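To start, the structure itself, in C-alpha cells.
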Amino acid sequence: MFRKVKKRHSSSSSQSSEISTKSKSVDSSLGGLSRSSTVASLDTDSTKSSGNSAASETCAEFRVKYVGAIEKLPFEMSKTLQEPLELINYIDAAQQDGKLPFVPGEEEMVLGVSKYGVKVASMDQCDVLHRHPLYLIMRMLCYDDGLGAGKNLLALKTTDAKQQDCSIWVYQCSSAEQAQAICKVLSASFDCVLTSEKS
C-alpha cells in the first residue's frame, strides 16, 4: 500500500546555511492505483546549495487549491518525517483515515513565494489565509496525487517559532511543472537570504 523509493543519504546537519532542490523517481501504489511520479523536494536541512540566487527568481505567484492541513503535531514527530517518502506516506495515511481530503475545494487561491516565505491569499488578495515565514519552513515537496488527473500535491512542513510542534499543509497544483516551479522559487529564496546574510 505504501510507496517504495530509492533512499537518499540524509543530512546530518540540523541547521544548514545552504539549501538544495532534489528530484527522485517514486513508484507508488495507493488504493489500487499504481503510478510513477517525480518528487521535487526542498529540504532545509540539506547542505548542498543550488547556487541560484537571482532576485528575479525569488518572488512569484501561483494559482493553487487548498487541500487541508494537519496542525500541531509533536515536534519529535517531524524527525520521523525527514525523507520525502515518509512525508508522502504520512499524508496518504491521513487521507485514508479521513484527516485530509483526497481532493481540494473548488476555490482557487494565490500562493506567493518570496524571500519572506510563503503567503496564501484569496484570488482578490484581500484575505490572507495562510502565512508561512521562510525560517519556519522545514521542507517543501511536490508529487503526483495518484488520482489519474495529472494533478500534483504540494506539501509544506512547518514548525512554530519555539519548535514545539510541526504542521503539514497540502495544496493542489495544476501540473507537475507548476509544483516544481514553486519548489524552485522557494529554493532560490532561501539561497538569496543566505547569500545576503554572508555578505
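Within the stretch 124-148, the set of residues being in contact with a helix residue (DSSP H, G or I) (Cβ under 9 Å, 6 or more places away or on another chain) and not in a loop (DSSP other than H, G, I, E, B) comprises L134, Y135, I137, M138, R139, M140, L141, C142, Y143, D144.
Once the stretch 124-143 is narrowed to residues that are open to solvent by 30 Å² or more (accessible area, probe 1.4 Å) and touching a residue at least 60 places away in the same chain (Cβ under 8 Å), the residue that is farthest from A181 (Cα to Cα) is L129. Residues that are part of a helix (DSSP H, G or I) and modelled with pLDDT of 85 or more: does the stretch 149-163 have at least one? The answer is no, given that none of the residues of the stretch 149-163 is part of a helix (DSSP H, G or I) and modelled with pLDDT of 85 or more. Criterion applied to S167, S196, S187 was being crowded, with 17+ Cβ neighbours inside 10 Å, in a helix (DSSP H, G or I) and hydroxyl-bearing (S, T, Y), and the one residue passing it is S187. Filtering the stretch 64-81 to residues that are open to solvent by 40 Å² or more (accessible area, probe 1.4 Å) and either without any contact (Cβ under 8 Å) to a residue 60 or more places away in the chain or closer than 15 Å to Y171 by Cβ (or both) leaves K65, Y66, E71, E76, K79, T80. Within the stretch 100-123, being assigned to a loop (DSSP other than H, G, I, E, B) and either among the acidic types (D, E) or open to solvent by 40 Å² or more (accessible area, probe 1.4 Å) (or both) holds for P101, F102, V103, G105, E106, E107, K115, Y116, M123. Residues of the stretch 144-164 that are in contact (Cβ under 8 Å) with a residue 12 or more places away in the chain and either at positive phi or open to solvent by 70 Å² or more (accessible area, probe 1.4 Å) (or both): G146, L147, G148, G150, A161, Q163, Q164. Within the stretch 170-184, the set of residues being crowded, with 19+ Cβ neighbours inside 10 Å and among the aliphatic types (A, V, I, L, M) comprises V170, A179, I182.
The values are calculated or read from the model by the stated rules, or taken from the named source; none is laboratory data. The structure presented is a predicted model; accordingly, all values stated were derived computationally and were not measured. Using ideal geometry, Cβ is built from the backbone for each residue, glycine included, and neighbour counts are taken over all protein chains shown. Surface areas here come from the heavy atoms of the whole protein model, side chains and all, with no ligands, DNA or RNA. Shrake-Rupley method; radii C 1.70, N 1.55, O 1.52, S 1.80 Å.
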